[in-house]
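Reading through the structure tokens given below for one structure.
The values are calculated or read from the model by the stated rules, or taken from the named source; none is laboratory data. As the structure is a computational prediction, the values presented were derived from the model and not from experiment. Here the Cβ positions follow ideal geometry from the backbone for every residue, glycine too, while neighbour counts run over all protein chains shown. The protein model used for the area step is the full one, side chains on, heavy atoms only, and it has no ligands, DNA or RNA in it. Shrake-Rupley method; radii C 1.70, N 1.55, O 1.52, S 1.80 Å.
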Amino acid sequence: MNFPKPQKGILEIEPYVGGRAHAHGAARVFKLSANETPLGPSPLAKEAFVAAANQLEFYPEGSAAELREAIAERYGLKADRIVCGSGSDELLHLLAQAYLGDGDEAIATEHGFLVYPIVTKAAGATIVQVKEKNLRADVDAILAAVTPKTRIVFLANPNNPTGSYLPIDEMKRLHAGLRPDILFVIDAAYSEYVGKNDYESGIELVATSQNVVMTRTFSKIHGLAALRLGWMYAPAHVIDVVNRIRGPFNVSIPALHAGIASIRDVEHFEKARAHNQEWLDWLTVEISKLGLEVAPSVANFLLIRFPNEKGRTAKEADAFLMSRGLILRQVSAYGLPDHLRLSVGIEEANRAVVAALAEFLGRKS
């Protein structure tokens, strides 16, 4: 049959499937599958969003100038080195579109964010997924995978879904081993949660290099996932390229106003960060006490490994938890079929998960 054919690589893409949101039959449901903040957005961001209803007939200011200025002020950056987008996902797509093509390769780690293969294949390029070591990016393996065809290295730091991170010294070593014509894309979506002294989000590497880009999101700690808002800090020449191909009004007025209010509400930000650290630590300890393996995490989620034993598998645990209204994330698509990912929730949800896991593991199969 003769019909229009898509670009090379499109039909090889496995569509991204987000975390489930419904557990049928449960009286109370806790969605802990999407790494959303349990505290919600800043009250000031909500007010700004509602006020934006009076401007829906207008196009947004195309460069997101006021939001870029607010981000720059918060982090001590230059506003003209920032691009805002419809979530950091859009920015990853734009980078792939701009710097990848037929015959090119992009590198990502084996348990890296599923969007990296999607944007790479959509650009007609080949994704090279490198083995990790103990659920952590392996710098030596990444460098060994570089070929003359390599054009981009994608690295989430911290990584989703493992929760692991590379310290700044390792990030610098990785960057030093890459050719100057390779774009090093640091996806720092969960950076705001990290409290480690040897961690740096990527700002330093971008500021001192010509081939490093850092992407960030308002979907996680800022709680604006529904508005699709992200930003990128990059060298001037990369900013110029991305601005040439992004949509002229790619960030809506409600998203712009809510983002500005959120980035300036430091009190709510710190409250969300403190809540996460308290319950991340608690969940790690309590779930480990049950005999389950919990990967060390610096983000707002935990990766839990289940034994490959009948009656105790990840798939069976998932079904059991769902029956009690507790929705976790299956991560088989990430190559982790024996694991479930648990987002930190409100206190009631966190305690309910631990109690349900104890009940599940204590059952007679």
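Say whether the condition of being open to solvent by 50 Å² or more (accessible area, probe 1.4 Å) and modelled with pLDDT of 95 or more is met by at least one residue in region 13-34. Spell out the reasoning first.
Looking only at region 13-34, we keep the residues that are open to solvent by 50 Å² or more (accessible area, probe 1.4 Å), and these are 14-17, 20, 22, 24-25, 27-29, 31.
So of that shortlist, the ones also modelled with pLDDT of 95 or more come out as 31.
Yes, that holds for at least one residue.
On the given criteria, is ASN160 closer than 15 Å to TYR233 by Cα and either among the aromatic types (Phe, Trp, Tyr) or surrounded by 21 or more Cβ atoms within 10 Å (Cβ to Cβ) (or both)? Write out each step before concluding.
Numbers: closer than 15 Å to TYR233 by Cα: no; either among the aromatic types (Phe, Trp, Tyr) or surrounded by 21 or more Cβ atoms within 10 Å (Cβ to Cβ) (or both): yes.
When the stated conditions are applied, ASN160 does not pass them.
As for region 171-185, it holds no residue that is within 23 Å of PRO15 (Cα to Cα), at pLDDT 95 or above and of a type outside the set (A, V, I, L, M).
Look through region 309-319, keep the residues that are part of a loop (DSSP other than H, G, I, E, B) and more than 17 Å from ILE287 (Cα to Cα), and return whichever of them is most open to solvent (accessible area, probe 1.4 Å).
So the residue we want is LYS310.
Could you say whether any residue in region 203-220 is open to solvent by 20 Å² or more (accessible area, probe 1.4 Å) and under 30 Å from PRO43 (Cα atoms)? Yes: region 203-220 contains one or more residues that are open to solvent by 20 Å² or more (accessible area, probe 1.4 Å) and under 30 Å from PRO43 (Cα atoms).
Pairing residues of region 267-281 that are touching a residue at least 12 places away in the same chain (Cβ under 8 Å) and farther than 11 Å from ILE221 by Cβ with residues that are surrounded by fewer than 18 Cβ atoms within 10 Å (Cβ to Cβ) and among the acidic types (Asp, Glu), at Cβ distances under 9 Å and at least 6 apart in sequence or on separate chains, gives TRP279/GLU347. Does region 182-192 include one or more residues that are of a type outside the set (A, V, I, L, M), open to solvent by less than 40 Å² (accessible area, probe 1.4 Å), in a helix (DSSP H, G or I) and under 22 Å from THR37 (Cβ atoms)? Scanning region 182-192 turns up at least one residue that is of a type outside the set (A, V, I, L, M), open to solvent by less than 40 Å² (accessible area, probe 1.4 Å), in a helix (DSSP H, G or I) and under 22 Å from THR37 (Cβ atoms).
Residues of region 240-274 being open to solvent by less than 10 Å² (accessible area, probe 1.4 Å) and either within 18 Å of GLU36 (Cβ to Cβ) or assigned to a helix (DSSP H, G or I) (or both), which ones? Break it down into steps so the answer makes sense when it comes.
Of region 240-274, the ones open to solvent by less than 10 Å² (accessible area, probe 1.4 Å) are 242, 251, 255, 258-259, 262-263, 272.
Listed by number, the residues that qualify are VAL242, ALA255, ALA258, GLY259, SER262, ILE263, ALA272.
Among residues of region 40-61 that are closer than 11 Å to HIS257 by Cβ, those with a Cβ under 9 angstrom from a residue that is open to solvent by 100 Å² or more (accessible area, probe 1.4 Å) and in a helix (DSSP H, G or I), sequence gap 6+ or separate chain, pair up as LEU44/ARG264.
Go through region 282-308 and give me each residue that's part of a helix (DSSP H, G or I) and either in contact with a helix residue (DSSP H, G or I) (Cβ under 6 Å, 6 or more places away or on another chain) or in contact (Cβ under 8 Å) with a residue 24 or more places away in the chain (or both). Give the derivation first.
Residues of region 282-308 that are part of a helix (DSSP H, G or I), as a first pass: 282-289.
Listed by number, the residues that qualify are TRP282, LEU283, GLU286, ILE287.
Determine whether region 119-129 contains at least one residue that is modelled with pLDDT of 95 or more, farther than 16 Å from TYR99 by Cα, touching a strand residue (DSSP E or B) at 6+ places or on another chain (Cβ under 9 Å) and open to solvent by 10 Å² or more (accessible area, probe 1.4 Å). Yes, region 119-129 contains at least one residue that is modelled with pLDDT of 95 or more, farther than 16 Å from TYR99 by Cα, touching a strand residue (DSSP E or B) at 6+ places or on another chain (Cβ under 9 Å) and open to solvent by 10 Å² or more (accessible area, probe 1.4 Å).
Just checking, which of GLY291, GLY335 is in contact with an Asp or Glu (Cβ under 8 Å, 6 or more places away or on another chain) and either at positive phi or of a type in the set (S, T, N, Q) (or both)?
Details: GLY291 fails: in contact with an Asp or Glu (Cβ under 8 Å, 6 or more places away or on another chain).
Testing whether each residue is in contact with an Asp or Glu (Cβ under 8 Å, 6 or more places away or on another chain) and either at positive phi or of a type in the set (S, T, N, Q) (or both) leaves just GLY335.
Of all residues in region 120-132, those satisfying the criterion of being of a type in the set (Val, Ile, Thr) and under 21 Å from LEU336 (Cβ atoms) are THR120, ILE127, VAL128, VAL130. What number of residues within region 276-298 satisfy the criterion of being over 24 Å from THR313 (Cα atoms), under 19 Å from the mean Cα position of the chain (by Cα) and either of a type in the set (A, V, I, L, M) or open to solvent by less than 40 Å² (accessible area, probe 1.4 Å) (or both)? So the count comes out to 2. For ASN243, state whether it is in contact with a strand residue (DSSP E or B) (Cβ under 6 Å, 6 or more places away or on another chain), of a type in the set (S, T, N, Q) and at pLDDT 95 or above. So ASN243 does not fit the description; no. Residue count for region 320-330 satisfying the condition of being touching a Phe, Trp or Tyr at 6+ places or on another chain (Cβ under 8 Å) and surrounded by fewer than 19 Cβ atoms within 10 Å (Cβ to Cβ): 1.
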